[in-house]
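Structure first, then comments.
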Amino acid sequence: MKHSKQGTERATADSGRRAHTKERPHSLETRTEQVLTGESIGVGVAIGPAFVVREDPAPDLRERLSSLDRDEEEGRFRDAVIRSISQLGKLQARLALLPEDSQFEIGSLLDVYRRMLGPSRLQRGVIRRIAEGLSAEVAVFEETEALAQASHPPQGARAGSGEDAAAARRRADEFREIGRRLLRNLTRTPFLTLRGMPDGAILVTESLRPSDAALIDPSRVAAVVSEEGGATGHTAIMLRALGIPAVLAVAGALDAVAGGAQVVVDGDRGRIVVDPAHDTLVEARGAVATYAQDRQKLGRMRRLSSKLASGEKVLLQANLELPAELPLIAQSGAAGIGLLRTEFLFINSEELPDETTQFELYASLVEAMGADTTTIRVLDWGGEKPSEALERAGLSTLGETPNPALGLRGIRLLLKHPALLETQLAAILRASAVGPLQVLLPMVTVAEEITAARDIYERVARRLRRKGVALAETLPPFGAMIETPAAALTAGVLAHHADFLAIGTNDLTMYALAADRASADAASLYDARHPAVLRMIADVVNAALQHRTPVSLCGEIAGDPALAPLLVGLGLRSLSMTASAVPRVKQVIRSVRYEECVRLGRRVLAETDSRAIMKVLQEFGNAEVG
Ligand code: PEP
Ligand code: MG
C-alpha cells in the first residue's frame, strides 16, 4: 500500500521534549510517526529496530556500612582499582580503531582516569576515609564527590568564563565517572550490557559513557540514541570515530521509543523518527545509500597503486594495535603491517603470554599478510600502561617511578628482564617460518641496546635451530625505532647497527618538545610540525640513506594526508599509519609529483616555527586542490 505525504505535522503538548508527530491518514493502523530532536554528531543515517537499555540501578551505598574490617575494606578497594585499571587498558587497546584525533582525545581521557587510579589524591583520600571507619563504597563515593565538588562547586555553574567553567565541569565529571567505575567494581554491578541485542539494532539508552561507547561493535549496532550527552563530549567523539550514526541529548527518548519499534536515526540533522511514515522511510533509505556510496568511493582507492603522480612508489602500511583490526587492514589496502604493537598481549591479560600463545598470534598475522611484511615490535612497556600480567610478575614499575616516560621503558625494560625478550623473540622467530617479518626494538637511545638485543636474538635463534624448530632461512631484519632525540641525533651510528630504522614521531615529538603526548595540558605544545621535529626526521632519513639502511615513519603523522607530501619531500618512501587513514593518504600521494614534494620539504625546513610551517602546508594543500 502506498502512503502519501499528506500527513500533518504538529508539535506535541510537551514541547520540552522537542517532539512532534506526523499522522498518516492513509495507514490502516493509523500509526503515527514521532520526531524527536537532539544533538547531531554526524556520520549519516541508520534505520533499525530499537533496543532499549536501562542502566542497572546504582548500588545502595548503605548496604555495606556495617562491614568495617578496615584491612578488608582497603583490600577490596585496591582490588577494585586493579580491575578498573585493567578495564581501562582494554579500552586503551581499542583506541587503535579510531582516527588519530579521536585517539588523542579519548586517549588523554583514559590517561586522566588512570592517573586518578594511580598514587593520587583520590586514592589517598579513599584510604583515609576507610581508616576513619567507612566502607570502601562510601569512602569512594564521598571522596570522588568531594573532589568533583571542589573542581566545580554547584554554585560555580554560573561563575567563571565559559571555557573555564566547561573545563571545571568536565573535571568534576571525570571524578564522578571514575567513582562510578570503582563502585561498580566494588559491588560487581555489571556495566552497560548489550547481551541479547539483535544485530543491526538501534541502541536507545539514558546515557552512554565514553568507555561504554568504546566497546560498541560498529558492525553490530546500527545507531545510538541517548537522552544525555552532547555533540562535543567524549562519547560523541568515540561514536563518530567508530562511524556509528548517533543523536545524543534526546530528551524523553526512553519513554517515546518502545523496544522493537522501527526508528530512523538521522545523525546529520540530529533527529530521530519513531515509527516512520512511508515517505520518511524512503527518504531515509536514500540517505543511507548515498552515504554508503561515498564510503565506497574511498574504498576503491584500495585497488589503486600507491605511487606519486610522477611514478615513484611510496609504501603505505598499517599500524596494528589489536588483532581485531585485521579486517580493517584488508579493507584499507595497506601493503602489510609497518608496526605491530605487541603491548595488547600483556595489557589485557592476567598472566604473561607464553611463547606458544605469542607464536600463534604472530603466525596468524604473518599468514594473513601473505607476501607483505609484518613488522613486529617487541614489548614497549614503560609503566604508563597498566598491565596486570607485568604487575603480577613483579616487573611493573607503575606508580613507583615519578616519570614513567623517562624510566625503564621499551628496550630498557626488556634488557633488564631478558627472559621477557627471549620468550618474545623465540615466538617471533618461530613465526618467521610462516612468512616475511621484521623485528623492531622500541625506545632505543644507544647502539649498545641494539647489539645487546641482537646477541640475545641470535642466541635464541641458535637454540631453536638446535632443537630442530623451523625458522626463516636468513634471520629476519632487526631494526630500531628512532623516537628519542638521542637516537635521532646519532641515527648514523644506529643505522650502522640496525637493519632498518622506523621513526616514531609520537614519542620523538614528546621527548623533543618536552610535552607529554597524552596530557591535555600540554596539547597545545605537542606538535609534530615543530621545526625541531621535522629537522630531526630529515636528518634521520639522510643518515639512513647514507648507510643504505631502509627507513620508515610510523608515528601518527604518517596518517595525516596534509603531511604526506612533506614526508615524501623529506625523503621518506615508507609510511605506516592507522589502517583507516591509508585510502586518504594514498589519494594525496597519487595526486602529487616528486619534485613538488622536494620543493615543499625545502620550504618547510627553511621555516623556524610551527605556525609558519602550517601556513606553507596549507598553501600547498590549497594549490593541490585548486
Ligand atoms: C611512536 O612513538 O611514534 C610510535 C609509533 O610508537 P608508540 O605510539 O606505540 O609509542
Ligand atoms: Mg613510541
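Listing for the model above:
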| quantity | calculated |
| --- | --- |
| Out of V288, V366, V274, sole residue that is open to solvent by less than 20 Å² (accessible area, probe 1.4 Å) and closer than 21 Å to S580 by Cα | V366 |
| In segment 512-538, the residues that are of a type outside the set (G, A, S) and within 20 Å of S576 (Cβ to Cβ) | R517, R529, V533, L534, M536, I537 |
| Complete set of residues in segment 571-591 that are surrounded by fewer than 24 Cβ atoms within 10 Å (Cβ to Cβ) and outside any helix (DSSP H, G or I) | G571, R573, S574 |
| Of all residues making up segment 593-626, the number that are over 15 Å from G571 (Cβ atoms), in contact (Cβ under 8 Å) with a residue 24 or more places away in the chain and open to solvent by less than 90 Å² (accessible area, probe 1.4 Å) | 9 |
| Top-ranked residue in segment 489-502 [being crowded, with 24+ Cβ neighbours inside 10 Å and more than 10 Å from ligand 2 (Cβ to nearest atom); ranked as nearest to C554 (Cα to Cα)] | L501 |
| Residue satisfying all of: in segment 534-557; at pLDDT 95 or above and small (G, A, S); nearest to ligand 1 (Cβ to nearest atom) among these | S552 |
| Test: residue in segment 416-432 that is outside any helix (DSSP H, G or I), more than 16 Å from ligand 2 (Cβ to nearest atom) and surrounded by 22 or more Cβ atoms within 10 Å (Cβ to Cβ) | yes |
| Test set (1) under 30 Å from R78 (Cα atoms); (2) in contact (Cβ under 8 Å) with a residue 40 or more places away in the chain - K416 fails condition number | (2) |
| Residues satisfying the stated conditions in segment 471-487, i.e. within 13 Å of ligand 2 (Cβ to nearest atom) and hydrophobic (A, V, I, L, M, F, W, C) | A480, M481, I482, A487 |
| Residue under evaluation M577, criteria (1) away from ligand 1 (no atom under 16 Å from the Cβ); (2) touching a residue at least 12 places away in the same chain (Cβ under 8 Å), criterion not met | (1) |
| Close pairs (6 angstrom Cβ cut-off, 6 or more residues apart or separate chains): of a type in the set (D, E, K, R) in segment 464-488, within 13 Å of ligand 1 (Cβ to nearest atom) anywhere | E483/G504; E483/D507; E483/L508 |
| Per-region count, segment 551-563, residues touching a residue at least 60 places away in the same chain (Cβ under 8 Å), over 10 Å from I503 (Cβ atoms) and not charged (D, E, K, R) | 1 |
| Output for segment 446-478, where each listed residue is open to solvent by less than 60 Å² (accessible area, probe 1.4 Å), assigned to a loop (DSSP other than H, G, I, E, B) and small (G, A, S) | A472 |
| Residues (open to solvent by less than 40 Å² (accessible area, probe 1.4 Å) and hydroxyl-bearing (S, T, Y)) located in segment 518-570 | S519, T549, S552 |
| Test for S387: is it more than 16 Å from ligand 1 (Cβ to nearest atom), open to solvent by less than 40 Å² (accessible area, probe 1.4 Å) and either under 29 Å from D499 (Cα atoms) or modelled with pLDDT under 90 (or both) | no |
| Among residues of segment 502-532, those that are among the aliphatic types (A, V, I, L, M) and more than 14 Å from ligand 1 (Cβ to nearest atom), counted | 6 |
| Qualifying residue in segment 316-326 (condition: among the hydrophobic types (A, V, I, L, M, F, W, C), modelled with pLDDT of 95 or more and open to solvent by less than 40 Å² (accessible area, probe 1.4 Å)) | yes |
| Residue match in segment 466-480 (condition: of a type outside the set (F, W, Y) and within 16 Å of ligand 1 (Cβ to nearest atom)) | yes |
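Table: residues versus (1) within 27 Å of the chain's Cα centre (by Cα); (2) closer than 24 Å to V444 by Cβ; (3) of a type in the set (V, I, T).
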{"site": "N506", "(1), (2), (3)": "yes, yes, no"}
{"site": "V541", "(1), (2), (3)": "no, yes, yes"}
{"site": "P561", "(1), (2), (3)": "yes, no, no"}
{"site": "S591", "(1), (2), (3)": "no, no, no"}
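The values are calculated or read from the model by the stated rules, or taken from the named source; none is laboratory data. On a predicted model such as this, the values are computed, not experimentally measured, just so you know. Every residue, glycine as well, gets a Cβ built from its backbone with ideal geometry; the counts of neighbours run over all protein chains shown. Protein only, heavy atoms only, side chains kept; ligands, DNA and RNA dropped before computing areas. Shrake-Rupley method; radii C 1.70, N 1.55, O 1.52, S 1.80 Å.
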